[in-house]
Amino acid sequence: MKKTTFVLSLLLIAFTTIFAQKTVRYDLYIADTTVTFGEEAKRAIAVNGTIPMPTLTFTQGDTAEIYVHNNLNEETSLHWHGLFLPNRYDGVPNLTQMPIKPHTTHLYTFPIVQSGTHWYHSHSRLQEQIGMYGAFIMNKRNEWDIPTLPVVLSEWTDMNPEEVHRSLKSATDWFAIQKGTTQSYGEALFSGNLGTKLTNEWKRMNAMDVSDVYYDNFLINGKNQNEQPQFKAGDKVRLRIANGGASDYFWLTYSGGKITVVASDGNDMEPVEVDRLIIAVSETYDVVVTIPENKSYEFLVTPEDRTGSASLWLGSGEKVPATKLPKLKYFAGMEMMNDMMDMNGNMIEMEGMKMQNQEMDMNTVMYPEITGPENPEDTMKTDNIQDIVTLHYGMLRSPQKTTLPAGSLRELRFDLTGNMNRYVWTMGNKTLSESDKIL
Ligand SMILES: [Cu+2]
């Protein structure tokens, strides 16, 4: 009898320590605020007083209990990007839940059944663009013991997001003019690219550009220059990076050596060493970087159009800057587009083109650091061009077998279509309202 009780209590202790079901509660207070990230003070939305929203941290097996207190004078909602959860907590207003009315509280509660780096954001109107994005971290039960920083990337424009949206739909050159990325006739003539420019106009294309919107600032956890002096020589630091931006892809480079990529979209992968990687909107990557000496090393974040940057400084002491990405070769890009588009603005099918898995980045023709300077005499020297290892999707390998279990398989086909100039996006040439049912 006594022995049985002893064994039972031992089992109970073991059970509670291994399978502890902890409820982790967060209270999020959503309120209007004013920020000056660009030129002028503008309206933004802060949660618990901060932009980005607070980092929410859980351990696999926990139950999340998130109380959202909407102190705005408008509706809101929160979507948990990349999470497996009951549909009614997915946070899409009027689809999986009713919008959270002004000055009410809403509870999201769901079990944490996965691990990895994810993020969360508002799913109402364009609130995400003015501050409602944050990191959502789910640790494993036996998480890797290494200094870790959540890193949320974003852009800021002083223009009201609704206005941005309107400009995109009317296909103006306004953003390109602000960025100084329009290609004028004068510029074309002097650089010997007049033929390319004329063909381009003939095909009625807009000025060649890489990203669509002009941004006043780029932010890393809400700061353009983010200092993290706590790291010492020899430290390995894991950055849990989420791109919470509205439209920019970001290049990630580091002045302290190689970047080891260890997870993609919250999934562990076979570690791979690269010189740089590009992160798309809403993607996440976990990377590990080393602090070589007691100095401050720059983890540089550059939007794809290279019109600005943001820096995360790791370590303290003398600053070691990363190499800035040189200006894109727009005429080379324009020439490529001319070759690829027919008179109606449609892509010309080309034989043997390998565009899958980013293995061939069409924009490479515009990268001086890889394909050489636009004008060899007056820009960078050709011998500055080095072998740069760039991450692409083909390099992402799961540590586990990912073959599907045997059994019946159903294939669903989605054709993603759209019109770039009108900024209308469709599935199988139908807008969402026309084809609400996807199955
Ligand atoms: Cu999302």
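The values are calculated or read from the model by the stated rules, or taken from the named source; none is laboratory data. None of these values were measured; they are calculated from a predicted model. Cβ coordinates were reconstructed from backbone atoms using ideal geometry, including for glycine residues, and neighbour counts include every protein chain displayed. Note: areas computed on protein heavy atoms with side chains; ligands, DNA, RNA excluded. Shrake-Rupley method; radii C 1.70, N 1.55, O 1.52, S 1.80 Å.
Summary of computed values
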| read-out | value |
| --- | --- |
| Among (1) in contact (Cβ under 8 Å) with a residue 60 or more places away in the chain; (2) of a type in the set (Asp, Glu); (3) away from the ligand (no atom under 13 Å from the Cβ), the one test that Glu74 misses | (1) |
| Sole exception among (1) under 27 Å from the mean Cα position of the chain (by Cα); (2) loosely packed, with under 14 Cβ neighbours inside 10 Å; (3) farther than 25 Å from Asn243 by Cβ for Arg43, by number | (3) |
| Residues satisfying the stated conditions in region 281-304, i.e. open to solvent by 10 Å² or more (accessible area, probe 1.4 Å) and not in a strand (DSSP E or B) | Val281, Ser282, Glu283, Pro292, Glu293, Asn294, Lys295, Glu304 |
| The one condition in (1) modelled with pLDDT of 95 or more; (2) open to solvent by less than 40 Å² (accessible area, probe 1.4 Å); (3) in contact with a Ser or Thr (Cβ under 6 Å, 6 or more places away or on another chain) that Thr23 fails to fulfil | (2) |
| Extreme residue, farthest from Trp251 (Cα to Cα), among residues of region 108-162 that are among the hydroxyl-bearing types (Ser, Thr, Tyr) and within 14 Å of the ligand (Cβ to nearest atom) | Ser124 |
| Search result, residues across region 314-339 that are modelled with pLDDT of 90 or more and open to solvent by 20 Å² or more (accessible area, probe 1.4 Å) | Ser316, Gly317, Glu318, Lys319, Val320, Pro321, Thr323, Lys324, Leu325 |
| Scan of region 265-277 for residues that are in contact (Cβ under 8 Å) with a residue 24 or more places away in the chain and either within 24 Å of Lys232 (Cβ to Cβ) or open to solvent by 20 Å² or more (accessible area, probe 1.4 Å) (or both), ordered by number | Asp265, Asn267, Asp268, Glu270, Val272, Glu273, Asp275 |
| Residue list for region 73-96, filter: surrounded by 18 or more Cβ atoms within 10 Å (Cβ to Cβ) and either assigned by TED's automatic domain parsing to the domain that holds Ala280 or more than 16 Å from Leu107 (Cα to Cα) (or both) | His81, Gly82, Leu83 |
| Test result for Val92, closer than 18 Å to Ser282 by Cβ and within 16 Å of the ligand (Cβ to nearest atom) | yes |
| Test: residue in region 237-253 that is assigned to a loop (DSSP other than H, G, I, E, B), of a type in the set (Phe, Trp, Tyr), without any contact (Cβ under 8 Å) to a residue 60 or more places away in the chain and not assigned by TED's automatic domain parsing to the domain that holds Asn139 | yes |
